[in-house]
1. Determine whether Tyr211 is within 27 Å of Ser31 (Cα to Cα), out of contact with any Cys (no Cβ under 6 Å at 6 or more places or on another chain) and of a type outside the set (D, E, K, R).
2. Considering only segment 62-94, state which residues are under 20 Å from the mean Cα position of the chain (by Cα), under 18 Å from Leu19 (Cβ atoms) and of a type in the set (Ser, Thr, Tyr).
3. Does segment 274-286 include one or more residues that are of a type in the set (S, T, N, Q), in contact with a Leu (Cβ under 9 Å, 6 or more places away or on another chain), more than 25 Å from Phe122 (Cβ to Cβ) and at pLDDT 95 or above?
4. Scan Tyr283, Tyr353 and give me the residue that is over 30 Å from Glu175 (Cα atoms) and surrounded by 18 or more Cβ atoms within 10 Å (Cβ to Cβ).
5. Looking only at segment 123-154, which residues are more than 16 Å from Gly288 (Cβ to Cβ) and outside any loop (DSSP other than H, G, I, E, B)?
6. Is segment 111-122 home to any residue that is assigned to a loop (DSSP other than H, G, I, E, B), of a type outside the set (S, T, N, Q) and in contact with a Lys or Arg (Cβ under 7 Å, 6 or more places away or on another chain)?
7. List every residue pair whose Cβ atoms sit under 7 Å apart, with the two residues 6 or more apart in sequence or on different chains, where the first one lies in segment 267-282 and is assigned by TED's automatic domain parsing to the domain that holds Trp153 and the second, anywhere, is assigned to a loop (DSSP other than H, G, I, E, B) and hydrophobic (A, V, I, L, M, F, W, C).
8. Scan the helices (runs of 4 or more DSSP H) fully inside segment 261-337 and keep the ones with 2 or more residues being under 24 Å from Asp70 (Cβ atoms) and basic (Lys, Arg).
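The values are calculated or read from the model by the stated rules, or taken from the named source; none is laboratory data. All values derive from a computational prediction rather than experimental measurement. Backbone-built Cβ (ideal geometry, glycine too); neighbour counts: all protein chains shown.
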Amino acid sequence: MLSIHKLDTEEGLISYKDLLKNLNSTNPYYSIDYINFFSGGLLNLICFSFNPRKDEIILMPGYLKPIIIDNNESGYFDFISTYGYSGPIGTLGIDNLDFKNFWTTLDEWYKENNVVTEFIRFNLFGNQIEYSGNSFPTMLNIKGQIQDENTQWDSFDYKVRKNYNKAIRENLKSEIYFKNIKQDQILEFYDIYKTTMDRNGAKESFFYSIYEFKKFIIKNEENCAICTVYHNEIPISSELILVSQDTIYSFLGGTLSNYFDKRPNDFLKVQVINWARNNEKKYFVLGGGYGFEDGIFKYKKSFFPLDIVNYYTGRKIINSNIYNEFIDKANVFRSKNGLTKLDLEDISFFPLYNKTN
């Protein structure tokens with residue numbers, strides 16, 4: 001049975017939190033606070049829940065967004081999963097056939113409720129299997145396996161070992177704060193993060209407020225850790241780590257540029273890996289870069305050279321007639337505003353009629 005929960009209502013929020021408890025999941029990307037602060041807020045946020053059997057469940061939160069063409073609401077919708085590693089998640093007894101039935105049932109609901117397209121950001125643990133749309137290996141990610149200390153050290157690129165030893169000679173120290181994180185520890189992280197975003201000219205969407213960080217971290221202490229590196233007791237590099245039962249995720253962080261030469265970044269990552277091992281975590285997800293095998297990706301790869309996986313996204317057109325009609329309408333709007341015509345062969349953006357440049 002398929003149910004729909006509107007998470008921009010109090011009743012829907014309560015239902016979603018109860019469902020998460022029943023799911024017994026510690027995945028931080030499904031936390032309502034993560035979605036609220038870092039994914040896009042609660043407006044138009046819904047969650048599908050599917051029960052293939054009693055006491056077994058599949059959940060998938062996302063946004064049911066009204067389609068607006070030329071500033072006019074169309075009466076149709078796109079469904080977009082939440083930002084990060086998302087898509088469907090299920091209880092332990094869920095198998096591939098259950099996921100297949102989930103997608104089949106969901107597709108019927110889409111058809112009955114004027115949904116034109118679906119875009120899914122999958123996780124790195126295979127939840128794109130049995131997807132009823134087209135799944136694309138969108139980019140490469142690092143899903144690092146935590147190993148014993150000697151094997152891990154030997155697996156690092158030479159540059160990582162060299163930089164770590166340099167940091168040790170510079171007398172860098174680190175602290176990892178987990179649970180009961182103090183406000184001054186959050187502020188240390190925030191000051192470094194904001195300085196880094198300013199220096200890099202980051203998009204406005206990355207400038208989260210100290211209020212958002214404090215509220216998220218304090219309310220989700222089981223899902224958050226902060227690693228901060230110090231030089232002569234001065235905080236010089238810091239990273240917010242998201243924590244689940246067996247996986248940690250590199251999330252947001254930064255470094256003061258005056259201290260780059262002391263190699264705090266490599267030092268921080270190795271310290272986090274050691275912490276993960278001591279806390280019986282299996283994976284450290286570092287993510288990918290901004291482009292295909294760019295400098296950021298190669299830096300992350302240097303810690304886990306063999307642990308490269310595909311990050312999949314899913315695209316589905318439920319109503320192709322309406323999809324093509326909206327592209328035609330969008331092209332009329334674009335012509336009036338001096339923009340180039342949309343090309344149906346363009347796969348760089350989905351759904352195509354929402355492209356703004």
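1. yes
2. If the condition is that a residue be under 20 Å from the mean Cα position of the chain (by Cα), under 18 Å from Leu19 (Cβ atoms) and of a type in the set (Ser, Thr, Tyr), then Tyr63, Ser81, Thr82, Ser86 are the ones that fit.
3. No.
4. Tyr353
5. Within segment 123-154, Asn134, Ser135, Gln145, Glu149, Asn150, Thr151, Gln152, Trp153, Asp154 qualify.
6. no
7. Correct list of pairs: Phe267/Leu172; Lys269/Phe303; Ile273/Ile146; Ala276/Ile146; Arg277/Ile146; Lys281/Ile146; Lys282/Ile146.
8. Values: elements: 264-278, 295-301, 320-336.
Ranges flagged: 320-336.
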